[in-house]
Each structure stands twice: as structure tokens, then as C-alpha cells.
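Participant: The structure's right below; bear with me while I get my questions together.
Only the coordinates and a few stated rules stand behind these numbers; no lab work does. A quick note: this is a predicted structure, and the numbers were derived from the prediction, not measured. Here the Cβ positions follow ideal geometry from the backbone for every residue, glycine too, while neighbour counts run over all protein chains shown.
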Amino acid sequence: MSERVAIVTGAGTGIGQAIACKLAEDGLRLVLVYAASLSGTEDTLKRIEANGGDGQIYRADISNEQDVLGLFEYVQEHYQRLDVLVNNAGVGSQGMMADIEMHEYDRLFNTNSRGTFMMCRAAAGCIADNGRIINISTGLTVSSSMAMGLYAASKSAVEAFTKTLAHELGPRGITANTVSPGMTDTPMLEGGNAEMLKKMGAANSAMKRLGRPQDVADIVAMLVSENGRWLTGQNIHADGGSIIG
């Protein structure tokens, strides 16, 4: 078992679960962070332990500053180190700009932008040299799909401050990157017309199939590994060629 410790937020389902399991498979010790989905996160931990991995579950709402500070205090007390942060937790929304209520704007930006920023800020103060910070964004910041403007905007902020973080932490060998999945077969698709979305996602991919959580997890694992040491400040589109420019 490696000495390296990783925090993965939103680890109870979909991409977050796949990332956590993959990092544990690669020998990292995991802190699995959830806000609401305890049962899903417990399932992730069972999968990790069944494969001989090590993990802990911690409840924190990343939009709450005290929760974020408490999380990092817990990690320092329990492990005395942090090597990897994967900010996967986020919330989604669909709506035409003219119809969006300000409380919905606040909900998305509080979690996706402010919450991710607070996680990065806390990590910057304690992450080990040669550490890794990976923020999960979306291909929608490029594709500008109708009714997805608010969600895309909240993730665009993440992409911007990730680049600055790469500059600030680079002298310590710490990398900071964004991974932007395309359409991926996760429970989030079930909130809309799932079959239509799956067909559209496959059609838009150069590889003509829908993404799988493991596709994204393998890219994150590469960035976390020693092989990712020379990649920083980048936005990697994990989308099977849905966006080629």
C-alpha cells in the first residue's frame, strides 16, 4: 500500500466512484467525501476494501466553508499528509437563461465554483510536494449547448482558477489540471431523456460510443501517477473525440 493519500469528492456514484476505485487499485489511500449519498459512498468503500484497498468516509458539503476546513483537519489528523485532491462533486441544472431564478444561480455557483475553489485553497496550504490536484469540469464549457449556460459558466470558473493554481504550485512539483468529460453513461443521465441523450452522446463521439466512468477514471489515474508529472495547467477533454479543435 502506497503512503499517498487522496481525497475524492462526490465518490458515491458514476465518475467519482470509478475514480476512487481506480486510485485505490493503484495503491492510494482514499478519503471518500459525500454530502448526501451515504449509501453510494458506502458501496464505493466496500468495493475498495474488497480489492484490498484502504479508505475512509467523511461527510462534507463543499459549499460550506466550515465543512471544507473540517475535512482537511480530519485528513491531517488521520493521515498527517495529503498527496492528491480530485474535486469531482458538483450539481447540475438545465434552463433557458430568461427563466433561471437567482436561487438556482446561487446553488450552482456555491457548489461548482465556490466549493471547488475552497477545496483547492485548502489543499494549496497542505498538499505535499509533487502532489496532484484535478478538477472535474465539462465539455459544455466549449460546446455551449442550449439550456446549459448556467452549469457551463459555473465550471468555466473552475477551469480558469485551475490554470492559476498550476502556476502558483508548480515550483513545488505540484500539478493542477482540469478533466472535462463528454457525455458519460452515469446516473445523471437518468434525470432527462436518457435514451435520447445516450444516442446523441454516441453519435457526437469520434469513436461512436458513449463514454463510461472508467474511461474518465483511467485518465485521472494517469494524471495522478508519476507519468503525469509534466502535465499541468491543462484542460483534458475526456470525451472520445466529441470536441476536436
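Participant: Distance from a point 7 Å along Cα→Cβ of Arg107 to each backbone N in the range 61-94: keep the residues under 15 Å and list them by number.
Facilitator: 63, 90-94
Participant: Nearest 10 degrees is fine. How inclined is helix 149-169 to the longest principal axis of the chain, computing both from alpha carbons?
Facilitator: It works out to around 30 degrees.
Participant: Taking the Cβ of Tyr74 as the center, what net charge do the other residues with Cβ under 11 Å away carry, scoring Lys and Arg +1 and Asp and Glu -1? Walk me through the numbers on the way to the answer.
Facilitator: Numbers: positive: Arg59; negative: Asp67, Glu73, Glu77.
So the environment of Tyr74 carries a net charge of -2.
Participant: In degrees between 0 and 90, to the nearest 10, how far off the longest principal axis of the chain does helix 38-50 point, with axes built from Cα atoms?
Facilitator: 60
Participant: Moving on. Tell me, what is the FRET efficiency for Glu25 and Met96 to the nearest 0.05, using R0 = 45 angstrom and their Cβ-Cβ distance as r?
Facilitator: Numbers: r = 42 Å, r/R0 = 0.94.
According to the calculation, E is roughly 0.60.
Participant: Sticking with this one: Reachable lysines from Lys155, Cα under 18 Å, same-chain residues fewer than 8 places away excluded?
Facilitator: Those lysines meeting the cut-off are Lys163.
Participant: Rounded to whole Å and sorted largest first, what semi-axes of the equivalent ellipsoid does the C-alpha gyration tensor of the range 1-60 yield via the square root of 5 times each eigenvalue? Don't skip to the end; give the middle numbers.
Facilitator: Numbers: eigenvalues 56, 24, 17 Å².
Value: 17, 11, 9 Å, ordered largest first.
Participant: Given Ser113, Pro213, Ser93, which one lies farthest toward the positive end of the charge dipole of the chain, if we put +1 on the Cβ of every Lys and Arg and -1 on the Cβ of every Asp and Glu?
Facilitator: Pro213
Participant: In terms of Cα to Cα distance under 15 Å, which aspartates and glutamates are near enough to Lys198, apart from those fewer than 8 places away along the same chain?
Facilitator: Lys198 reaches Asp185, Glu190, Asp239.
Participant: Take the alpha carbon atoms of the range 146-222, find their center, do the same for the range 4-62, and report the distance between the two centers in whole angstrom.
Facilitator: Measuring centre to centre over Cα atoms gives 19 Å.
Participant: In terms of modelled amide H atoms, which long-range or inter-chain residues lie less than 5 Å from the amide H of Ile133?
Facilitator: Residues meeting the criterion, in which the H sits 1.01 Å from N, are Leu85, Thr175, Ala176, Asn177.
Participant: Then there's this: If the convex hull of the alpha-carbon atoms of the range 59-167 is projected onto planes in all directions, what is the mean projected area in square nanometres? Can you show the working numbers first?
Facilitator: On the way: hull surface 28.9 nm².
Average of the hull's projected areas for the range 59-167 equals 7.2 nm².
Participant: Applying the Karplus parametrisation 6.51 cos²θ - 1.76 cosθ + 1.60 with θ = phi - 60° to the phi angles of the range 79-93, what ³J(HN,Hα) value in whole Hz is obtained for each residue in order, glycine and proline being reported as x?
Facilitator: Karplus-based 3J(HN,Hα) across the range 79-93 equals 10, 6, 6, 9, 10, 9, 10, 10, 8, 9, 4, x, 10, x, 6 Hz.
Participant: Between Lys46 and Gln214, what FRET efficiency follows from the Cβ-Cβ distance if R0 is 25 Å, with the result rounded to 0.05?
Facilitator: 0.90
Participant: Helix-only estimate, please: 222 nm mean residue ellipticity of the chain, summing -39500 (n - 2.57) across DSSP H runs of length 4 or more and dividing by its residues, to the nearest 500. Write out the running numbers ahead of the final one.
Facilitator: Details: 9 runs with 104 residues, N = 245.
One gets -13000 deg cm²/dmol as the mean residue ellipticity at 222 nm.
Participant: Something else about it: Relative contact order for the chain: what percent, with Cα pairs under 8 Å and sequence separation of 6 or more?
Facilitator: The normalised contact order for the chain reaches 19 percent.
Participant: Starting from the Cα of Lys46, draw a straight line to each of the lysines and keep only those under 16 Å, dropping any in the same chain fewer than 8 residues away.
Facilitator: Answer for Lys46, where 16 Å is the Cα cut-off: Lys22, listed by chain and number.
Participant: Something else now. Using the 10 angstrom Cβ neighbour count as an exposure proxy, how do Leu197, Leu71 rank, fewest first?
Facilitator: Working: Leu197 17, Leu71 22.
Final ranking by Cβ density, sparse to dense: Leu197, Leu71.
Participant: Taking only the Cα atoms of the chain, how large is their convex hull per residue, in Å³?
Facilitator: Working: hull volume 29.7 nm³, N = 245.
About 121 Å³ per residue, rounded to a whole number.
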